[in-house]
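Worksheet: the structure to be examined is printed underneath.
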Amino acid sequence: FPRGCATERCPELFLAAAYEDGNTKIWTAETGECEKMLEGDHGAIMSVAFSPSGLLLLTGCMDGTASLWSIPSGRLEHTFQGHDGPVSSVACSPDGAWLATGSCDRTGNIWSAQSRERLGVLPSHTGTIWSITFSPDESMLATGSEAGVAKLWGEIFTEDARWRPLPCRRSDAPAAPRELTLRGHRGSVLAVAFDRSGALLATCSMDRTAKLWRVADGECLREFRGHRGSVCSLAFSPDGAQLVTGSIDGTARLWKVSNGDCESVMEGHASSLKVRSVGFSPGGTLLATGSDDGSVRMWSVASGECCGTLKGHSLPGGRRNAAVNSINFTAGPSYGPTEDG
């Protein structure tokens, strides 16, 4: 694993990779070494999200639960129960006080990270919530689901059966609609992401496209075309100038947000296996892609070249590698060994 891959010169740059066999690995970006292995018994891990501090990791599980892990100790801190189907997406709020889970049961749940209580629900989706995320100012949530629909939420349906503003919403935040539906995709919306300003939302779909929306009024501003299959994942660069997408066609593409131009195509994963997850490093110089071929590849944003591969592990019997379902970067503290050594 080339040391030159860690161009941000951050000795504490880590990446979490979630696998279909229920395990999650924490990798050191500089060395390509596995620092931690979180072994769960809740089935495949479908989504992962670090807390802002990097000390906690939230995972969404096939059995309908979400798990909160302490990374320094490697221990399971809490299991969230409340969905009737697999938890397909998880998110932590920018201040770390709130958690969100989206599920195949057509609902999203909002939780307190401190009390671990469910505070409310996002109802009325037409199908699986494939993606859920907080806006940077925490005034809204965005979800992507089936039937080509993405939604922006300014309120949740609380436990006392009332619609109320998001609990994380700051008093000085601008007004947000209870629910704004974004229509335009011709297939399930598989991922959603806000840019750093919160003024733009990107979505991607089984219709092979990604779209850029203005959050204020829900207008579609731009479409990104070029993938030869469903677009499974996307992420904005930290400065908001670029967008990366991953596809079932086995490639990732880097786009210029301002005009929709494709700046580079990243090829290297097995062509018949999808790139399920993509992400920028906190400094924006590296990209990571996770694939059904079982590997995580690291790419230089400047050159578009692969500069390292994190190899996973085989499923029992060695018939094939465990697919990577989700990845997430953090520039958190150095974890060191577990208390058990």
**Q.** Where GluC sites (Glu not before Pro) fall in DSSP loop in segment 133-237, at most 16 other Cβ within 10 Å
**A.** 159
Q: Could you grab the relative contact order for the chain? Cα pairs under 8 Å, six or more apart, rounded to a whole percent.
A: 14
Q) When the convex hull of the Cα atoms of segment 88-132 is projected onto a plane and the area is averaged over all directions, what value comes out in nm²? A) 2.9
Q: Name the residue, out of 106, 297, 186, whose mean-square fluctuation peaks in a Gaussian network model built on the chain with Cα pairs under 10 Å.
A: 186
Q. Under the Karplus relation 6.51 cos²θ - 1.76 cosθ + 1.60, θ = phi - 60°, what is the ordered set of whole-Hz ³J(HN,Hα) values for segment 254-261, x standing for Gly and Pro?
A. 9, 10, 8, 5, 5, 9, x, 5
Q) Taking the alpha carbon gyration tensor of segment 4-155, what are the square roots of 5 times its eigenvalues, largest first, to the nearest whole Å? A) 26, 17, 15
Q. Which of the pairs 25/256; 36/274; 25/274; 151/274 have their Cα atoms more than 28 Å apart in this structure?
A. 25/256
Q.
Please check: in the Gaussian network model of the chain (C-alpha springs, under 10 Å), which one of 288, 29, 147 has the largest mean-square fluctuation.
A. 147
Q) Quick one: if you stick a label point 7 Å off each Cα along the C-beta vector at residue 76 and residue 225, how many nm between them? A) 4.7
Q | Phi-based couplings in Hz for segment 40-48 (Karplus 6.51, -1.76, 1.60; Gly and Pro marked x) | A | x, 10, 10, x, 3, 8, 9, 7, 9
Q) What is the set of long-range amide H partners of residue 264 at a cut-off below 5 Å, with H atoms built 1.01 Å from backbone N? A) 254
Q) If the viscosity is 1.567 mPa s and the temperature 4 °C, what Stokes-Einstein diffusion coefficient in µm²/s follows for segment 125-208 when Rh is the Kirkwood radius over Cα pairs? A) 99
Q: Taking every pair of Cα atoms in the chain, average 1/r, invert it to obtain the Kirkwood radius, and report Rg/Rh to two decimals.
A: 0.94
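Since every read-out is calculated from the coordinates, none of them should be taken as a lab result. Here the structure is a predicted model, which means the values were calculated and not measured. When we count neighbours, we look across all protein chains shown, and the Cβ atoms used for this are built from the backbone with ideal geometry, even at glycine.
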